[in-house]
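The structure appears below as structure tokens.
Taken together, the values in this text are just the output of simple stated rules run on the coordinates, not laboratory data. Note that this is a predicted model, so its numbers are computed, not measured. For neighbour counting, all protein chains shown are included, and Cβ atoms are generated from backbone atoms with ideal geometry for every residue, glycine included.
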Amino acid sequence: MTNTDFSLSIEDLTVSFDGFKAVDNLNLYIDKNELHVVIGPNGAGKTTVLDLICGKTKSTSGSIKFLNQELTTLSEHEIVRRGVGRKFQTPSIYENLSVFENLEVSYPEGRGVFGSLFFKRSEKVISKINEIAKLIMLDGEMETEAALLSHGQKQWLEIGMLLIQDPQLLMLDEPVAGMSVKEREQTAELLNSISKGRSVLVIEHDMEFVERIAHKVTVLHQGKILAAGKMDEVQKDPKVIEVYLGH
């Protein structure tokens, strides 16, 4: 497979903070329609990798190409415009707005002051909001104020707010932290369905959850790749067992 076939290709990526290499010569490739999970102990560099992809942190060296465009030279909002969406650990939703309104303000034409001045609630917009609400299992909560949703539902709403912008790469940082068992199961189904048509990159600690969703897994340790491949292969890797699963 040539590099041009990948949705995301990261090559020789390094970032140093005061001489400490948080990410060290990383190579990572993600296919279109692939749900890729990055695991590893605390301090392995997982969140830093997401920060580098979305432009929050600038790399010391190396390349990040998304759909064949180099991202390392772009600003955070330019990267979002190219189709990269990111969800952080803490959900950032508008607590005082309803589910419908949260999705509406995230609709691409509705963003910014000028966007919202000239923004019309057209049939197209409403049908897109309905489609996303159904996907994130909140179609019965359209009028509910976001503050009243459960923790899991807030996480889904934020995923919906990203999906309505139709990103081609969606990055999620520990999406099931703090969720109930049932919500975790529903989130696994949700992520499996949204990876059809886009690439999804997830950072997660919950191994049982990773087993349910991952097409491929990369294990990071001290900023380097310790192992990569299918979950069952990675779990059997002696180095991984020693560093991560053995703890």
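General observations
- Region 82-212: C-alpha gyration tensor shape, a/c 1.5 cut-off, then a/b vs b/c: prolate
- Set of lysines near residue 134 by C-alpha distance (under 21 Å), chain-local residues within fewer than 8 positions excluded: 87, 124, 154, 182, 196
- Cα-based shape type of region 151-221, given that a ≥ b ≥ c are square roots of the gyration tensor eigenvalues and the cut on a/c is 1.5: oblate
- Here the residues 179, 161, ranked from fewest to most Cβ neighbours within 10 Å of their Cβ, fall in the order 179, 161.
- Charge dipole magnitude, Cβ of K and R +1, D and E -1 - region 117-188, Cα centre, debye nearest 20: 220
- Percent RCO, i.e. relative contact order, over the chain, from Cα pairs under 8 Å lying at least 6 residues apart: 27
- Among 71, 13, 50 - extreme Cα towards positive end, dipole of region 1-79, charges at beta-carbon: 50
- Taking amide H as placed 1.01 Å from N in the peptide plane, residue 35 has its amide H under 5 Å from the amide H of 200, 215, 216, each at least 5 places away in sequence or on another chain.
- Calculated FRET value between residue 208 and residue 97, using beta carbons and R₀ = 51 Å, to 0.05: 0.90
- This model, with +1 at the C-beta of Lys and Arg and -1 at the C-beta of Asp and Glu, gives region 1-102 a dipole about its Cα centre of some 60 debye.
- Shape call, region 187-247: gyration tensor on alpha carbons, a/c limit 1.5: prolate
- The ranking of 88, 20 from fewest to most other beta carbons within 10 Å of each one's beta carbon is 20, 88.
- Calculated from backbone phi, Karplus (6.51, -1.76, 1.60) coupling profile of region 179-184 in Hz, x at Gly/Pro: 8, 6, 4, 5, 5, 4
- Dipole moment magnitude, nearest 20 debye, the chain about Cα centre, only Lys, Arg, Asp, Glu C-beta charged: 460
- Under 5 Å between amide hydrogens, built in the peptide plane, is the criterion, and for residue 220 it picks out 39, 40, 226 among residues at least 5 positions away or on other chains.
- Rounded to the nearest 5, the antiparallel percentage of DSSP beta bridges internal to the chain is 55%.
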